[in-house]
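Below is one structure, written out as C-alpha cells; comments come after it.
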Amino acid sequence: MSRIGPTILRWPGGNFAGEYRWKDGLLPADMRGPLQAAMEIETQPHSNGYDYHEISTDDFIALCREVGAEPFLTINLAWNSPEDSADWVEYCNGSADTEYGRKRAENGHPEPYGVRFWSLGNEMGYGHMEGPGGPAEYAALARVHVDAMKEKSPDIELFSSGPYPNDGWAEQSAAALAGDVKTISLHHYANAYMDYTTPEKTAATYRSIVGSVSGAEELARRMRKSLDATGEKLHISFDEWNFWYAWYRPSCAGEGIFAAKMIHMLLRESVELDMPYCCYFQPVGEGAILIDNGGARLTANGQMFAMMRAHCGGELCALEGVDAYSALATVRDGRLTLTLINDSWDEEREFRFNLPGSDPEGEVWSAEEVTPYSEFTRRPLDIAAEDGAARVLLPPHSAAKITLSFGA
C-alpha cells in the first residue's frame, strides 16, 4: 500500500459497514463475533460470507499512519444508535478525560486520532443494505446521528449516502442535510463480458474493458447536475469504483489500463465536477494487491496506481490537442509530471509535446499479454527531444510517465 501511496483510506466499507459493530473492536481479537456480510458470498467469497473481525479501530488508524493516509470511517447507520456513532467519534477524537477517549488511552493511544472524515452509512436506499429505503427517511435518521456526532467533535466532515444520481435523493436527502453534510458519495462499477477463449474474443474483451471509463464520467456529470439543481454547494466523493466482481477473479493488464484511464478522468474532472475525494474499491485482495501463499504484490492495477502517485499534490495543467483520458499533466515544486496512455489493442501510438523544461526522464509500463494475471513490465522510455519539443512512441496497452524540471 505504501507503493500505491493512498492519501485517504475508507473503512470498514462498503457493504461490510452494514454489519460492523465498532465497539466489538474494543475486545481482544479472539473474543469478537464474526460478521456476516449483507451480500454474503458475493463480498466474502473465501470465508463463507463472514469477516472475522480481526481489525480494530486502533489497527486501522495504525495502518493509515503507516502508509500516510487520512482515515475515512463509515458508521453503521442501520444498526448502531446515534449514541454508538457519537461514542466512536469520541473514541477517535476525544481527549483522554472523556469516557471513550479514556478507553483509547487505556489501549495505548493517549493522543486523539483526529479522524476528520465520516460517512453516514453506505449505499443507503439501494435495496441491498438494511435501513431507510427512501431519501426523507434516510435524512431524518442521518440527522440524529449528525447531531450526536458533531456534539462530540464539531469539526468533522460528513458524507451522505444514497442511490445517486437521483433527483429525489438530491432534493430530499442531500439538500435537507446540506447545513452539516457537504459531500455526497458516488459509486460506480464498470462491467464487461469477459471471454479469453480465442484471440478475437480476447481483443473484444480488452476493448470493452478499456472503453468503459466514459460511463463513470457520464454518471459523475449526471450527479453534478442533480446536486446543482438543489441550489446548495455540495461536493462529490467518488468513493467506490472498480471493475465489477474484481474479488472473484484475477485482474489483468487490460484492467490496469482501465484503472490508469479512470485516474486520468478523475483528476482531470475533479475541479469542474467539484469532486475532491475519490476512493478505489478495494485495494487489498480485490484489484490492486494480490495476496497468495507467496506473499503480496501489486497487480497491473496496483502498478498503475504506483505510477500515477507522482501526480499527488500537483496542480493540473491544461492540455490541448489530445483525446480524453490519454494524457494528464501536473506541476509541483518546479517539476512537471506527464502521464500518457496507449489503450490500443494492437497499434503503437506516437505522442508529440512541447518541452517547457530540460532533461526529461521517462519510464514505460507495457504488457505483452492482457489475459488474467498479466502485469506490466517497467523499462526506461526513449524520449526524442529537440528544439523544445519531444516525441515518444508507446507500444499497445501501455502507459508512460515523463518528468522534467523547469523554470528558475
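Values in this text are rule-based calculations from the coordinates and carry no lab data. Computed from a predicted structure; not experimentally measured. Don't worry about glycine lacking a Cβ; one is built from the backbone with ideal geometry, like all the others, and counts go over all protein chains shown.
Stokes-Einstein D for the stretch 327-405 at 10 °C, 1.306 mPa s, Kirkwood Rh over Cα pairs, in µm²/s?
121 µm²/s
Springs between alpha-carbon pairs under 10 angstrom, Gaussian network model over the chain: which of 245, 91, 325 fluctuates most?
Sorting by GNM fluctuation, first place goes to 245.
Where Rh denotes the Kirkwood radius from the mean inverse Cα pair distance, what is Rg over Rh for the stretch 66-197?
1.07
If you fit an axis through the alpha-carbon atoms of helix 213-228 and take the longest principal axis of the Cα set of the chain, what angle between them do you get, 0 to 90°, nearest 10?
The helix 213-228 is inclined about 50 degrees to the chain.
Mind telling me which of 127, 68, 18 comes out most flexible in a GNM of the chain, alpha-carbon contacts under 10 Å?
So, out of 127, 68, 18, the one fluctuating most is 127.
Under a plain spin-label model, where a point goes 7 Å from the Cα along Cα-to-Cβ, how far apart in nm are residue 324 and residue 377?
Calculated label separation equals 3.4 nm.
Given a cut-off of under 8 Å on Cα pairs at least six residues apart, what relative contact order in percent is computed for the stretch 8-312?
13 percent
Where is the GNM fluctuation largest for the chain (alpha-carbon springs, 10 angstrom cutoff): 213, 370, 271?
271
Tell me the GluC sites (Glu not before Pro) within the stretch 223-330 that lie in a loop according to DSSP and have at most 14 other beta-carbon atoms within 10 Å.
For GluC sites (Glu not before Pro) across the stretch 223-330 that sit outside H, G, I, E and B with at most 14 neighbouring Cβ atoms in 10 Å, the list reads 272, 320.
Determine which aspartates and glutamates satisfy two conditions relative to residue 150: a Cα distance under 15 Å, and not lying fewer than 8 residues away in the same chain.
83, 84, 87, 90, 180
What are the ³J(HN,Hα) values, in whole Hz, obtained from phi via the Karplus relation 6.51 cos²θ - 1.76 cosθ + 1.60 with θ = phi - 60°, for each residue of the stretch 351-367 in sequence order, with x given for Gly and Pro?
Using θ = phi - 60°, the values come out as 10, 10, 7, 7, 10, x, x, 9, 6, x, 10, x, 9, 10, 10, 10, 9 Hz.
For the stretch 327-405, what does the relative contact order come out to in percent, with C-alpha contacts under 8 Å and a separation of six or more?
44 percent
For helix 135-152, report the angle its Cα long axis makes with the longest principal axis of the Cα atoms of the chain; keep it between 0 and 90° and round to the nearest 10°.
Between helix and principal axis, roughly 80 degrees.
Can you compute 3J(HN,Hα) from phi for each residue in the stretch 21-32, using the Karplus curve 6.51 cos²θ - 1.76 cosθ + 1.60 with θ = phi - 60°, rounded to whole Hz and x for Gly and Pro?
These are the phi-based 3J(HN,Hα) values: 10, 4, 5, 4, x, 7, 7, x, 4, 7, 10, 7 Hz.
Looking at the stretch 8-312, send over the antiparallel percent of its DSSP beta bridges, to the nearest 5.
20 percent
Rounded, prolate or oblate: which one fits the stretch 213-338, using the alpha carbon gyration tensor with axes a ≥ b ≥ c (rounded when a/c is under 1.5, else prolate when a/b beats b/c, else oblate)?
oblate
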